[in-house]
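The values are calculated or read from the model by the stated rules, or taken from the named source; none is laboratory data. Quick caveat, the model's predicted, so the values are computed rather than measured. Glycine also receives a Cβ, built like all others from the backbone with ideal geometry; neighbour counts cover every protein chain displayed.
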Amino acid sequence: MSEEFSMLIPHNQTENDVAFSRGMETYFSHSLGTNMDKLRNFTKFVPRQALSQFLAKNELFKHVVNIHGHIIECGVFLGGGLMTWAQLSAIYEPVNHVRRIVGFDTFTGFPAISEKDKGQNPDYAVTGGLATRAYEDLQEAIRLYDLNRPVGHIPRLELVVGDAIQTIPQYLQDNQHLVVALLYLDFDLFEPTRVALETFLPRMPKGALIAFDELDQAAWPGETLAVLETLGLRNLKVQRFPFTPQLSYAILE
């Protein structure tokens with residue numbers, strides 16, 4: 001099992017969790033069929049927790065499918081979330097050539113860690129933490145995605161590389177037309193989350209969604225503190241899904 005990109009917090013894992021991860025690594029490699037066969041039968045291999053996250057994001061997307069505007073993902077990591085929005089867009093709104101799915105990430109890890117980011121996850125919360133260098137990998141994923149969707153000659157996905165504290169204001173300056181239907185916050189850290197909220201919130205109409213990946217999480221206090229400083233929790237009806245504990249969201253009213 002590759003530990004480089006593992007997001008599992010060791011003290012939360014049981015012996016069965018570790019055995020499952022190691023066993024699935026081996027099983028996937030040696031299971032019957034080609035890689036495409038395995039992808040077509042993905043439920044044999046995908047962990048229950050990942051399926052739960054996918055189902056939750058499907059519910060979020062169904063809410064905004066009739067809300068005009070872009071989908072902004074703050075924190076791309078290896079690209080699973082970004083490509084989830086992209087695939088759902090191709091399925092639910094195949095000819096919506098106006099919608100863009102825009103992902104912001106350094107791909108080289110956290111640019112800096114502030115005092116507000118120091119929680120119960122010291123191994124990852126360091127400068128350069130959670131670096132993936134996945135930009136080129138995702139470019140190929142996007143190229144193949146475009147081959148397999150309607151209106152594939154019109155771009156639907158954008159990757160914005162760099163420190164979001166600078167790239168988010170610059171993106172708005174370069175895209176004065178921007179409307180945001182869904183803002184997905186997964187930067188983990190206080191300062192880029194604050195900048196994202198302050199920049200994109202004025203571009204979000206009623207009915208748009210803000211989704212949180214680390215709200216109320218001791219490992220990453222920065223996201224909660226950024227929400228408190230910008231929006232205030234009393235101004236939000238924060239909701240969740242019963243089948244996945246991490247993701248939460250609020251509908252703008």
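Screening H70 on (1) farther than 24 Å from H177 by Cα; (2) buried (at least 17 other Cβ atoms within 10 Å of the Cβ) shows it passes everything except condition (1).
Restricting attention to the stretch 207-224, does a residue exist that is without any contact (Cβ under 8 Å) to a residue 24 or more places away in the chain and in the same structural domain as S114 (by TED's automatic domain parsing)? Full working, then the answer.
Filtering the stretch 207-224 for residues without any contact (Cβ under 8 Å) to a residue 24 or more places away in the chain gives 224.
Add one more test, that the residue is in the same structural domain as S114 (by TED's automatic domain parsing), and what stays is 224.
There is at least one residue in the stretch 207-224 that is without any contact (Cβ under 8 Å) to a residue 24 or more places away in the chain and in the same structural domain as S114 (by TED's automatic domain parsing).
Based on what the data block shows, is G152 under 19 Å from the mean Cα position of the chain (by Cα), in a loop (DSSP other than H, G, I, E, B) and either of a type outside the set (G, A, S) or in the same structural domain as E191 (by TED's automatic domain parsing) (or both)?
On the way: under 19 Å from the mean Cα position of the chain (by Cα): no; in a loop (DSSP other than H, G, I, E, B): yes; either of a type outside the set (G, A, S) or in the same structural domain as E191 (by TED's automatic domain parsing) (or both): yes.
No, not satisfied.
Residues that are closer than 30 Å to D216 by Cβ and free of Cβ contacts under 8 Å to residues at least 24 places away in the same chain within the stretch 125-151 comprise V126, T127, G128, G129, listed in sequence order.
Return the residue satisfying two criteria in turn: it lies in the stretch 236-249 and is outside any loop (DSSP other than H, G, I, E, B) and in contact with a Phe, Trp or Tyr (Cβ under 8 Å, 6 or more places away or on another chain), and of such residues it is surrounded by the most Cβ atoms within 10 Å (Cβ to Cβ). Steps first, please.
Step one: of the stretch 236-249, the residues outside any loop (DSSP other than H, G, I, E, B) are 239-241, 244-249.
Next cut, in contact with a Phe, Trp or Tyr (Cβ under 8 Å, 6 or more places away or on another chain) only: 239-240, 247-249.
On the way: Q239: 11, R240: 15, L247: 21, S248: 20, Y249: 23.
If we take residues in the stretch 236-249 being outside any loop (DSSP other than H, G, I, E, B) and in contact with a Phe, Trp or Tyr (Cβ under 8 Å, 6 or more places away or on another chain), then Y249 is surrounded by the most Cβ atoms within 10 Å (Cβ to Cβ).
Would you be able to say whether some residue in the stretch 222-235 is of a type in the set (A, V, I, L, M), within 17 Å of E59 (Cβ to Cβ), outside any strand (DSSP E or B) and within 18 Å of the chain's Cα centre (by Cα)? There is no residue in the stretch 222-235 that is of a type in the set (A, V, I, L, M), within 17 Å of E59 (Cβ to Cβ), outside any strand (DSSP E or B) and within 18 Å of the chain's Cα centre (by Cα).
Between L182, L201, L130, which is over 16 Å from Q87 (Cα atoms) and either outside any loop (DSSP other than H, G, I, E, B) or touching a His at 6+ places or on another chain (Cβ under 7 Å) (or both)?
Numbers: L182 fails: over 16 Å from Q87 (Cα atoms); L130 fails: either outside any loop (DSSP other than H, G, I, E, B) or touching a His at 6+ places or on another chain (Cβ under 7 Å) (or both).
The conditions single out L201.
In the stretch 86-105, the residues that are in the same structural domain as D163 (by TED's automatic domain parsing) form Cβ pairs under 9 Å with partners that are in a strand (DSSP E or B) and small (G, A, S), at six or more places apart or across chains, as follows: R99/A181.
Conditions tested, residue by residue: (1) at positive phi; (2) in contact with a Cys (Cβ under 7 Å, 6 or more places away or on another chain); (3) assigned to a helix (DSSP H, G or I); (4) modelled with pLDDT of 95 or more.
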position: F54; (1), (2), (3), (4): no, no, yes, yes
position: F61; (1), (2), (3), (4): no, no, yes, yes
position: V76; (1), (2), (3), (4): no, no, no, yes
position: L82; (1), (2), (3), (4): no, no, yes, yes
position: Q87; (1), (2), (3), (4): no, no, yes, yes
position: F104; (1), (2), (3), (4): no, yes, no, yes
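If you check L215, L252 for being hydrophobic (A, V, I, L, M, F, W, C) and crowded, with 22+ Cβ neighbours inside 10 Å, only one passes: L215.
For the structure I just gave you, tell me whether D188 is touching a Gly at 6+ places or on another chain (Cβ under 7 Å) and part of a loop (DSSP other than H, G, I, E, B). Give the steps one after another, and end with the answer.
Working: touching a Gly at 6+ places or on another chain (Cβ under 7 Å): yes; part of a loop (DSSP other than H, G, I, E, B): yes.
Spelling it out, D188 is indeed touching a Gly at 6+ places or on another chain (Cβ under 7 Å) and part of a loop (DSSP other than H, G, I, E, B).
Among the candidates V195, V160, V98, V179, the residue that is within 15 Å of the chain's Cα centre (by Cα) and either loosely packed, with under 13 Cβ neighbours inside 10 Å or closer than 27 Å to I251 by Cβ (or both) is uniquely V160.
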